[in-house]
Amino acid sequence: MADYALLYILFAPFVGAIALIFVSNRQLMLVRGIAAGSALVSLLASLYLFYAYDHVKGGFQFVQQFAWCRQLGISLHLGVDGIGTPLVLASSILLFAGIFVSWHIKDRTKEFYIWLLILAAATIGVFMSLDLFFLFFFYEMSVIPMYLLLGMWGSHTKTYNEMTDPEGLKLRDSVGFILNFGSNSKEYAAMKLVLFLSAFAVAALMGILLIYKYAGLNTFDILVLREQAKLMNIPVLGTTLDKIIWLLVFFGFASIAPLWPLHSWSPVGHAAAPAATSMLHAGVLMKLGHFSIIRVAFEILPETTRELMPIAAVLCMFSIVYGGFVAFYAKDTKYVIGYSSSSHMGYVFLGMAALDYISLTGAVMYMFAHAMATGMLFAMAGWVYDQTHSRDIPSLGGLSNRMPFISGCFVVACMASIGVPGTVNFIAEVMIIVGSWNKYPFQVIVAVVGIVLTLAYLFKMMRGLFYGPMDQKYSHAHDAVAVADRLPLLIMIAVSVGFFFFPMHLYNVVRSGVDPLIVKITRVVPVAQTDEGSGVRSEASAPPRTSDIPLVAKSPSPLTPHPSQGLE
Amino acid sequence: MTFALTMSSSDLLLLLPEILLTSWLCLILIVDFSFPRLPNEQLAYFSIAGLVATLGCLVWFDIAGITGTLFANMFALDRMALFFKMFIVGSTILVILASVDFIHRFKFFRGEYYALIVMSALGMMFMASANDLLSVFVALEFSTIGFYILVAYLREDTASNEAGIKFFILGIFAAALLAYGISLVYGETGKLVFSDMKAAQATPGLAIGFLLIFAALGFKIGAVPFHSWVPDTYHGSPTPVTAFLSIAPKGAAFAILLRMFLVALTTFKPVWVLLIVAVSILSMTYGNIVAIAQKNMKRLLAYSGIAQIGNVLIGLAAGTKMGSDAMLFYLLTYLFANLGAFAIVIAVSEAIGSEEIEDYSGLGRRSPFLAFSMLIFLLSLAGVPPLAGFIGKLYIFVAATKEGLYALITIGLINIIISLYYYLIVVKKMYVSEPHDRSPLKVSGPIKVVVYVCLAGTLAIGIYPQPVTDWVVSAILAFSNVADPTAALPVPPAAIPFGG
């Protein structure tokens, strides 16, 4: 029963989506009930997963494997390690919250929930896939629902609404439309998002196919590939094959993260999306990028990762600073949050690039923390938009009189996003900064400047929305009063604050996933933690943190070859 | 099972599906002439009954493993032939079901319509079994003659007439090329049966002969540069005929291509791979780029069909057993997605009388069922998980990766993105644009059945492909002479040629 936790988490939303097909849109409460019910099953199961995950044992747990296509060597191989577990939890929290945030959608409610559930389930699927094929399968599957969610329930920007006339609409079908970067329509945003992400996903697929071919094992199984694939030192095109694969995989997945030069789809997409979709997208979909890089590049090509990860260290600075400055000057609430998200994802890349226990643990915790913070911000930006039909910061103001609860929550969300003590973001940020200092001091200074920038633009937005004089045309706007409206915000605040006061389980879980990875990449055995005494661990006492899967147990542990090759 | 060269009653067993369908074809005509007042649906269901019986017979052959050759190897019934025959008969059944409503547009000869469709199917069944150049020629022409008439069946419609003329002239031209190619090959080798040509010497005559045969078959599958008839013919033909034309002849022609390249020409693989790679790249790129500009749904599907054929050719370029498996798999996923899409084109044009993409605006509000199905079919054609098309594309790419065709795969992957764009334009029209007219659309029963079957196929293959992969793998296994399976083993990583 408990072993099937992953299947409940993954398939509850799918079952909900299928059940919704057979319900009429007129039975609104039933539609909402089915959506919320299936999200609740997923949430409870992932809470169980999170607390039942044995961080002392580490490795991949709750493993499920079903043969799926023998000829291609594909199996539905599911399992979570310390990195996947908190992200699965974050996804199901955001899905559950997102169902309530979109409680008031009137147009085609059923279809909205169907696509939202599919989007979330596919995202969750990536976090638990141990098979390269299924990782890509769920990844690509999570991109397409975005098109419909943005296109059908999204909103145009202010400029677009002012710009277009009935005649101008025809231009949107032309080829030039896709190249027209000035366009601000939701259709443009949706198309750009899908094509951009698919194009880079295809690059990652090329990398996956190369891994599949040159490993020569006729399998897509990550656990087999990371032990047995020999991809190093094959000369290709004046460089080596592993570097080409790594670059394909890294940039393929970094586009969704989004790393700086590949970010342009993200703010546009977030701005056009309905609130719940933005939440899920900024909250967890963007983490698919980091997660897939960790899962594919870090696991299968550790040596190459050590060699090439400085690329991320350079690009992440641009992410942080560029995103921060654009967010400061943006006039549209969702653009501010969107650019802030892509700026904050730079921290995760910094934590990953440093390849240090503390920094990588911090990076994973930051993904979790950022999911909550940005989820709250998007939920409230959505609420303000629903009430005022405006996202234009200069025209808004003084809303704290009309919506005290929302403005109170907004302060908390800003605090969380900045990383003020009292929220789990603080712990994560400090860990990234402390962990990366030795290797990348300059980047850390940039990151700290980025925090100041975050403070500046979020407070500017807060002032612009909730304080100062209020335009009388917004006097009909009202606060979130109903339980269904308050619940999602309260859940996310509780999680964000709760993990600040009780971070140890989260930390231990993440650390159990990070340790074997870093050992493999850097060959430095970690400084012992908390309950296991202090000092540098000797190689003899270091418990090999491998999974209990028979497949792996038969082959030598990843730790064994390294001590003989010398510790630092 | 082996059979003597002289005909005996047990040899006739191998021809049972064809004999069954031939007699049914005659029955259809007799019934049509004897009962002129018989409603059209009755005749459609009567034809379907015969086809279902044929399909049952084929399934029985496949399960019982009844295979063999006839007429001095002219007619080969192996499991690959059985696969393609089931493919053809299955698509014929769906096409006839989809025609039931469309048929009222024909002013005359409604009964003959079914007879002609069954006749073409019969010709294509012979194509699937054709194992020598003469039977290729005869079977190919037999099936095409039916199509010449079917394409021009809307007699009052100038577009249909134009389609008929174009198809006829180019078709005759292709037939001439085929005949000339056959004569050259026969002159050079003195052989007609594919499996006898393995020892042939590479002479200019042989090369030109096979190029001409390939051109004729390329015309049949609509690959660039033999595609010029495709858009106008697809556009002008009655839509069920377009659907039929877009699926069944391609399956049959691929059966011949597989036999020709993997049996007769195995020794020349390094040479013909370049030819197939070039044709594949041209088809994918041309089809997808031109499809972007289309305003008419049938033309869009025509160009997307050209591109899909380019994808199938990637499997042929791999030239291995796995590549052939992947081709069969891909054709099957293409059958469901493409026939489903055409069924919806028929349903929409029945309801609103238009096939323009503009008129699909707001289909998601007017008929959620049709719009959702169309979404599934288009995304399957584009290759989005968890639909059948995605597995098909991946299968083909994996097969090509194993042969190191990286340039081809890269272009194939880029083309997925291009195709996603124009499929999503249709999706946008259906779901995002508001309808001009909000009245709900009515969908008739037979079309619904077709759509449900295609939906089931697309989703089932996408979610659990194992049964189908097992089927295609065994279908190719029994088909002898495929390049040795050791080719699939890893190549020692020396210097890697990073190109086509």
query = Is at least one residue of the stretch B:117-135 of a type outside the set (V, I, T) and farther than 30 Å from B:K191 by Cα?
reply = no
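Those residues that are part of a helix (DSSP H, G or I) and over 27 Å from B:S129 (Cβ atoms), I need them from the stretch B:209-233; list them, please.
Just the residues of the stretch B:209-233 that are part of a helix (DSSP H, G or I), to begin with: B:209-221, B:230-233.
If the condition is that a residue be part of a helix (DSSP H, G or I) and over 27 Å from B:S129 (Cβ atoms), then B:P231, B:D232 are the ones that fit.
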inquiry  = Out of everything in the stretch A:467-523 that is hydroxyl-bearing (S, T, Y) and buried (at least 17 other Cβ atoms within 10 Å of the Cβ), what residue ends up being farthest from A:L396 (Cα to Cα)?
reply    = A:T522
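Give the number of residues within the stretch A:189-200 that are in contact (Cβ under 8 Å) with a residue 60 or more places away in the chain and out of contact with any Gly (no Cβ under 6 Å at 6 or more places or on another chain). So that I can check it myself, show each step before the final result.
As a first pass, look at the stretch A:189-200 and keep what is in contact (Cβ under 8 Å) with a residue 60 or more places away in the chain: A:189-190, A:192-193, A:196-197, A:200.
From the residues that got through so far, the ones that are out of contact with any Gly (no Cβ under 6 Å at 6 or more places or on another chain) too are A:192, A:196-197.
Qualifying residue count, the stretch A:189-200: 3.
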key: Given (1) assigned to a loop (DSSP other than H, G, I, E, B); (2) within 13 Å of chain A (Cβ to nearest Cβ), index of the condition B:L379 fails   = (1)
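Give the stretch A:244-301 a look and list any residue that's hydroxyl-bearing (S, T, Y) and in contact with a helix residue (DSSP H, G or I) (Cβ under 7 Å, 6 or more places away or on another chain), or say none.
As a first pass, look at the stretch A:244-301 and keep what is hydroxyl-bearing (S, T, Y): A:255, A:264, A:266, A:277-278, A:292.
A:S255, A:S266, A:T277, A:S278, A:S292 - these are the residues of the stretch A:244-301 that are hydroxyl-bearing (S, T, Y) and in contact with a helix residue (DSSP H, G or I) (Cβ under 7 Å, 6 or more places away or on another chain).
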message = Just to verify a result, which residue in the stretch B:241-290, among those that are surrounded by 23 or more Cβ atoms within 10 Å (Cβ to Cβ) and basic (K, R), is nearest to B:L140 (Cα to Cα)?
response = B:K250
request  = Kindly provide the set of residues from the stretch A:222-257 that are more than 10 Å from chain B (Cβ to nearest Cβ), within 29 Å of the chain's Cα centre (by Cα) and of a type in the set (V, I, T), ordered by number.
outcome  = A:I222, A:V224, A:I245, A:V249, A:I256
Restricting the stretch B:411-438 to residues that are of a type outside the set (A, V, I, L, M) and facing chain A (nearest Cβ under 7 Å), the residue that is surrounded by the most Cβ atoms within 10 Å (Cβ to Cβ) = B:Y431
ask   = Looking at (1) farther than 18 Å from B:A139 by Cα; (2) in a loop (DSSP other than H, G, I, E, B); (3) of a type in the set (S, T, N, Q), which is the one condition that is false for B:S99?
value = (2)
request  = State which residue pairs qualify: first residue within 21 Å of A:I105 (Cβ to Cβ) and inside the stretch A:473-496, second residue basic (K, R) and surrounded by fewer than 18 Cβ atoms within 10 Å (Cβ to Cβ) in any location, beta carbons under 7 Å apart, and separation of 6 or more residues or different chains.
outcome  = A:A480/A:R486
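Having 3 or more residues that are more than 23 Å from the chain's Cα centre (by Cα) and more than 14 Å from chain B (Cβ to nearest Cβ) is the bar; report the helices (runs of 4 or more DSSP H) wholly within the stretch A:24-137 that clear it. So that I can check it myself, show each step before the final result.
Details: elements: A:28-52, A:84-101, A:109-128.
The qualifying helices (runs of 4 or more DSSP H) are A:28-52.
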ask   = Any residue at all in the stretch A:214-221 that is within 11 Å of chain B (Cβ to nearest Cβ) and part of a helix (DSSP H, G or I)?
value = yes
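Please go through the stretch B:383-401 and give me each residue that is touching a residue at least 12 places away in the same chain (Cβ under 8 Å), part of a helix (DSSP H, G or I) and at the interface with chain A (Cβ under 8 Å from one of its Cβ atoms), ordered by number.
Within the stretch B:383-401, the subset touching a residue at least 12 places away in the same chain (Cβ under 8 Å) is B:383-393, B:395-400.
Among the residues that remain, those that are also part of a helix (DSSP H, G or I) are: B:388-393, B:395-400.
Scanning the stretch B:383-401 gives B:F390, B:I391, B:Y395, B:F397, B:V398.
Can we say A:L10 is more than 30 Å from A:G216 (Cβ to Cβ), crowded, with 21+ Cβ neighbours inside 10 Å and either of a type in the set (K, R) or over 25 Å from the mean Cα position of the chain (by Cα) (or both)?
Values: more than 30 Å from A:G216 (Cβ to Cβ): yes; crowded, with 21+ Cβ neighbours inside 10 Å: yes; either of a type in the set (K, R) or over 25 Å from the mean Cα position of the chain (by Cα) (or both): no.
Considered against the rule, which asks whether it is more than 30 Å from A:G216 (Cβ to Cβ), crowded, with 21+ Cβ neighbours inside 10 Å and either of a type in the set (K, R) or over 25 Å from the mean Cα position of the chain (by Cα) (or both), A:L10 comes out as no.
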key: Flag for B:A202 being closer than 30 Å to B:L262 by Cα and surrounded by fewer than 21 Cβ atoms within 10 Å (Cβ to Cβ)   = yes
message = Only one of B:L363, B:L387, B:L381 is crowded, with 24+ Cβ neighbours inside 10 Å and over 25 Å from the mean Cα position of the chain (by Cα). Can you tell me which?
response = B:L363
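When you look at B:L339, is it under 25 Å from B:I93 (Cβ atoms), surrounded by 24 or more Cβ atoms within 10 Å (Cβ to Cβ) and either within 12 Å of chain A (Cβ to nearest Cβ) or modelled with pLDDT under 90 (or both), yes or no?
Values: under 25 Å from B:I93 (Cβ atoms): yes; surrounded by 24 or more Cβ atoms within 10 Å (Cβ to Cβ): yes; either within 12 Å of chain A (Cβ to nearest Cβ) or modelled with pLDDT under 90 (or both): no.
For B:L339, the condition - under 25 Å from B:I93 (Cβ atoms), surrounded by 24 or more Cβ atoms within 10 Å (Cβ to Cβ) and either within 12 Å of chain A (Cβ to nearest Cβ) or modelled with pLDDT under 90 (or both) - is not met.
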ask   = Could you say whether any residue in the stretch B:69-80 is part of a loop (DSSP other than H, G, I, E, B) and closer than 29 Å to B:E112 by Cβ?
value = no
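Yes/no matrix, rows are residues, columns are (1) under 20 Å from B:T333 (Cα atoms); (2) among the polar types (S, T, N, Q); (3) at pLDDT below 90:
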| residue | (1), (2), (3) |
| --- | --- |
| B:L405 | no, no, yes |
| B:L408 | no, no, no |
| B:I414 | no, no, no |
| B:R438 | no, no, yes |
| B:V449 | yes, no, no |
| B:Y452 | yes, no, no |
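The values are calculated or read from the model by the stated rules, or taken from the named source; none is laboratory data. The model shown is predicted, which means the values in this text are computed figures rather than measured ones. Don't worry about glycine lacking a Cβ; one is built from the backbone with ideal geometry, like all the others, and counts go over all protein chains shown.
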